[in-house]
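Below is one structure, written out as structure tokens; comments come after it.
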Amino acid sequence: MRKHPYPQRAVQALPKRYHIQRFVAEQLPHLAPNHQHWLAYLVLALLTLQTLAQSRVSIWLATFTATFPNTWRQRLKRLRQHPWNEPACFRALLRAVLTLLQPNPLWLALDATTLGQRHTVLVLSVVCHATAIPIAWRVLPAQQPGAWRTAWEALLASVRGVVPRTLPVYVLADRGLWAAWLFRAIQRNGWHPLLRVNAQGRFRARWQRQAQPLTAFCPERGTQRAVEGYAFAYGLRCTLVVYWGMRAQEPWYLLTDVPASVVDGAWYGLRSWIEQGFRHLKRGGWGWHRSRVVASERVFLDWLVYALGQLLVVWFGVWGSSSLRLWDVSRRSVGERLLGLCLLLGWLLGLWEWDVGENWGFWEGGELK
């Protein structure tokens, strides 16, 4: 009788040199140990294969752990059906970003992305190092009618109170998401909104009696103008920032609660990094565009693994650029995310050694252990 190529035996912990399981356990301590265990394997598969396609992941993990591919298919099925505590995962991811990357200030971006005609994902991401790390998301059917207000407010509320009050937080969003309730929802978290609006609105400066069109506050190209007052008919007290870059075709009309003497309209340019993050999520990285998952409620697991993998490669890139001096901003030829991915894969494949026991990425007072 022919011997099966995947002998059945108990799955053991990852080899000590990988330490992915320790990373997952430290960043998601609220999960059960078996869920931490399987997530670690999925993160390892994502980093190695650059995809979470079920067949490829099942076959690779079966070879890696000496089990049957169907065993991993069943595990993936159970994990996707598991009722995850989403707010707890979101808070843990945000804490992990604050601990490992220590951003100051913290830049967040709100946006939505789609996968064909199946899924629409509302995403709150940390934008840093020319990419984005998703920390909270809501997956909706692409054809489902209805407003997104409830979903956005729930996402913002799920991470409320995680960021220290001493750390300034700025939330960026494009004009397609503008709404007065979103402006106020961001403020309820103690954060500063910086939202782009259409140029057709009106604004009343603090020293004026009547509102004027937003275009009346447009400055010359290469400059900005910031005016405090009231926006539209909402009675929304805010600061209007009109920023027109030298190479931009049109100015940005931004609303924020940052004082006019402090705000800089160029900050809004960081919002483009969430678009780069979506590119890394799909064709430029993790291959989510090839996903065949149909049920929206089962997509959460994939995004959780994507978030952990993205955080890991960005942290490795930051570590490589600072500790190893492998990256110079004055003559940059490769992004920190790609640098981190190369370093991480080289370490996982044994191409170079690292004393993980002393240097695995947990920060204390701004320094590595």
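The values are calculated or read from the model by the stated rules, or taken from the named source; none is laboratory data. It should be emphasised that the depicted structure is a prediction, and the values quoted were computed from it without experimental measurement. Cβ coordinates were reconstructed from backbone atoms using ideal geometry, including for glycine residues, and neighbour counts include every protein chain displayed.
With under 17 Å from Ile274 (Cα atoms) and surrounded by fewer than 19 Cβ atoms within 10 Å (Cβ to Cβ) as the only criterion, which of Arg138, Arg175 stands out?
Within the list Arg138, Arg175, the selection yields Arg175.
Just to be sure I understand, how many residues within region 101-144 are at pLDDT 95 or above and among the basic types (Lys, Arg)?
1
Looking at Val11, Val24, which one is in a helix (DSSP H, G or I) and either modelled with pLDDT of 90 or more or surrounded by fewer than 19 Cβ atoms within 10 Å (Cβ to Cβ) (or both)?
Criteria check complete, one pass: Val24.
Quick check on my filter: what residues within region 184-227 are without any contact (Cβ under 8 Å) to a residue 24 or more places away in the chain and touching a helix residue (DSSP H, G or I) at 6+ places or on another chain (Cβ under 8 Å)?
Residues satisfying the conditions are Gln200, Arg225.
So, in region 235-271, of the ones that are of a type in the set (Phe, Trp, Tyr) and free of Cβ contacts under 8 Å to residues at least 40 places away in the same chain, which residue ends up surrounded by the fewest Cβ atoms within 10 Å (Cβ to Cβ)?
Looking at residues that are of a type in the set (Phe, Trp, Tyr) and free of Cβ contacts under 8 Å to residues at least 40 places away in the same chain, I get Trp244.
Can you tell me which residues in region 205-231 are of a type in the set (Asp, Glu) and either at pLDDT 90 or above or under 32 Å from the mean Cα position of the chain (by Cα) (or both)?
Glu228, the sole residue that qualifies.
Do we find that Ala147 is touching a Ser or Thr at 6+ places or on another chain (Cβ under 7 Å) and either under 25 Å from Val24 (Cβ atoms) or modelled with pLDDT under 95 (or both) in this structure?
Judged against the criteria, Ala147 is not a match.
For residues in region 273-293 being in a helix (DSSP H, G or I) and over 13 Å from the mean Cα position of the chain (by Cα), which is farthest from Leu194 (Cα to Cα)?
Arg290
Within region 75-84, does at least one residue satisfy the condition of being surrounded by fewer than 18 Cβ atoms within 10 Å (Cβ to Cβ), at pLDDT below 90, out of contact with any His (no Cβ under 9 Å at 6 or more places or on another chain) and more than 30 Å from Leu194 (Cα to Cα)?
no
Determine whether region 71-82 contains at least one residue that is over 17 Å from the mean Cα position of the chain (by Cα), closer than 26 Å to Ala179 by Cβ and among the β-branched types (Val, Ile, Thr).
Checking region 71-82: not a single residue is over 17 Å from the mean Cα position of the chain (by Cα), closer than 26 Å to Ala179 by Cβ and among the β-branched types (Val, Ile, Thr).
Do any residues in region 282-308 that are within 14 Å of Ala53 (Cβ to Cβ) have Cβ atoms under 6 Å from those of residues that are hydroxyl-bearing (Ser, Thr, Tyr) and not in a loop (DSSP other than H, G, I, E, B), where the two are at least six apart or on different chains, and which pairs are they?
Trp286/Tyr306
Considering only region 19-51, how many residues are farther than 15 Å from Leu311 by Cβ and in contact with a Gly (Cβ under 7 Å, 6 or more places away or on another chain)?
Residues in region 19-51 being farther than 15 Å from Leu311 by Cβ and in contact with a Gly (Cβ under 7 Å, 6 or more places away or on another chain): 2 in total.
Residues Phe232, Phe278: which one is among the aromatic types (Phe, Trp, Tyr) and either crowded, with 23+ Cβ neighbours inside 10 Å or more than 30 Å from Ala216 (Cα to Cα) (or both)?
That would be Phe278, the only listed residue that is among the aromatic types (Phe, Trp, Tyr) and either crowded, with 23+ Cβ neighbours inside 10 Å or more than 30 Å from Ala216 (Cα to Cα) (or both).
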